[in-house]
Amino acid sequence: MNDQFYRMKRLPPYVIAEVNAMRHAARQAGQDIIDLGMGNPDQPPPQHVIDKLCEVAAKPDAHGYSQSKGIPGLRRAQANYYARRFGVELDPEREVVVTMGSKEGLASLATAITAPGDCVLAPNPSYPIHTFGFIIAGATIRSVPTTPDEDYWASLESAMAFTVPRPSVVVVSYPSNPTSETVDIAFYERLVAWARENEVWVLSDLAYSELYYDGNPTPSIMQVDGAKDVAVEFTSMSKTYSMAGWRMGFAVGNRDLIAALTRVKSYLDYGAFTPIQAAACAALNGPQDIVEKNRNLYRKRRDVMVEAFGRAGWDVPSPAASMFAWAPLPPALRDMGSLEFSKQLLTEAKVAVAPGVGYGEEGEGFVRIAMVENEQRLRQAGRNIKKYLSSLGINSTAA
């Protein structure tokens, strides 16, 4: 019956939810499912972060409403992170706001700056909130490619020339979820120049800033001169510090956009639980060895997964960053489609992945594989997939 509601009519069925429901049913039935579907970190945060949470939570005065924009110490900690990691100076008062994860921040900013009928440029395929945050707010979406090549720039120019009303926002996210593609600082320099020339806001989602594997640290759009004139950037503690369920994120950058986001949030929430914010300070200000530890963890899992799946007869491109691999369907099964392939992989191989079509129509023909199981489980997934593909007459590339 909820299709009677205006905003529900604008939201298509969540394709990924179909596979999630099948996975849940299989587990309820006692099946051992190797879950590579959701990007849900399986490691705990550092002990000193948990200790700080417990310490502050034990204080009688720590349980009231917090600050919607984030406690001052946490905003300073995020500004310090940008200074040491990217060499970017931020004003904690006017250029930083704490969000309940980057997902909430993006959705709240969409609410703040979008009028019904506005046009937003968003990548396809992309993480769903990059499009649906704006759709819920009343905007229309014009898709641009996710791959940052010359076709990307041509699509931006075409959008500005032929879209009415002219687009007012462009969303970028590198390392990309789901495709794991990356960009260099030259990309951001060109994007900032384009956005300034065309009077378009840039929303950059940098949730996977610390999960890079090629020795080249992920850049921030904020490193570009003039970026603060047109851009805000979202980051998250979910993957960097294994704090996904804590819902801790940030938006930084353009003061007008930060002010708009801060104002909307003041109507919508009272901020994250104060002990969580205090613990987030401990994570940002304390020992950073977990950052390198997590990077090495996912890199090793990537290598094991690519090797094990390759031996099974499924060539998976090795991602340069993020906690995901973006894998084309085995050529012999291309016509099956990503949703049906994901269902069969779950049913026949007991391996859950996310169908690429759930990230936009340009994701058809791919699945997203989250590296959130340990190396032993990834090898087991490879063996299960080998049996499944062999049953279809698809031979493995190695014995």
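The values are calculated or read from the model by the stated rules, or taken from the named source; none is laboratory data. Please read these numbers as outputs of a predicted model, since none were measured by experiment. Note: ideal-geometry Cβ built from the backbone for every residue, glycine included; neighbour counts use all protein chains shown. Side chains are part of the model used for accessible areas, which takes the heavy atoms of the whole protein and leaves out ligands, DNA and RNA. Shrake-Rupley method; radii C 1.70, N 1.55, O 1.52, S 1.80 Å.
Okay, here's what the table says:
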read-out: Long-range Cα-Cα pairs in segment 163-225 (distance over 13 Å), rounded percent; value: 64
read-out: Charge-dipole axis of segment 7-69 as Lys and Arg at +1 and Asp and Glu at -1 on Cβ define it, positive-most pick from Leu36, Ala21, Ser68; value: Ser68
read-out: Cα centre as origin, Lys/Arg/Asp/Glu Cβ charges: segment 1-129 dipole, Debye; value: 160
read-out: Global form of segment 1-158, assessed from the alpha-carbon gyration tensor, a/c cut-off 1.5; value: oblate
read-out: Signed unit charges on C-beta, dipole axis of the chain, positive-most listed residue Pro219, Pro116, Ala282; value: Ala282
read-out: Simple Cβ-charge dipole of segment 297-360, Lys/Arg +1 and Asp/Glu -1, about Cα centre, in debye nearest 20; value: 280
read-out: Segment 310-384, accessible surface, carbon-and-sulfur percent (1.4 angstrom probe); value: 45
read-out: Segment 230-269: trypsin sites (Lys or Arg not before Pro) in DSSP coil with no more than 10 other Cβ atoms inside 10 Å; value: none
read-out: Square roots of 5 times each gyration tensor eigenvalue, C-alpha, segment 221-357, largest first, Å; value: 37, 20, 17
read-out: Accessible area of segment 102-233 belonging to carbon and sulfur atoms, whole % at 1.4 Å probe; value: 51
read-out: Charge tally in the Cβ shell below 11 Å around Asn40, where Lys, Arg are +1 and Asp, Glu are -1, Asn40 excluded; value: -2
read-out: Around Ala62: net Lys/Arg minus Asp/Glu count, Cβ-Cβ under 15 Å; value: -1
read-out: Top of Leu11, Leu156, Leu261 by mean-square fluctuation, Gaussian network on the chain, Cα under 10 Å; value: Leu11
read-out: Longest site-free stretch - the chain; sites: chymotrypsin sites (Phe, Trp or Tyr not before Pro), DSSP loop, at most 13 other Cβ within 10 Å; value: 66-269
read-out: Residue (of Ala154, Gly253, Val98) at the positive-pole extreme of the chain, dipole from beta-carbon charges; value: Val98
read-out: Accessible area per residue, Å², the chain with all protein chains present, probe 1.4 Å; value: 43
read-out: Segment 32-76, Cα convex hull volume normalised per residue, Å³; value: 172
read-out: Lys, Arg +1 and Asp, Glu -1 on Cβ, resulting dipole of the chain about Cα centre, debye, nearest 20; value: 1060
read-out: Area projected by the alpha carbon convex hull of segment 309-399, averaged over all directions, nm²; value: 5.7
read-out: Alpha carbon Rg of segment 128-241, scaled by the compact-globule rule 2.2 N^0.38 Å; value: 1.05
read-out: For segment 62-77, 3J(HN,Hα) per residue [Karplus equation, 6.51 cos²θ - 1.76 cosθ + 1.60, θ = phi - 60°, Hz, x = Gly/Pro]; value: 9, 10, x, 5, 9, 8, 4, 7, x, 5, x, x, 6, 5, 5, 4
read-out: Most mobile listed residue (Ser126, Ser158, Ser342) in the chain, GNM with C-alpha springs under 10 Å; value: Ser158
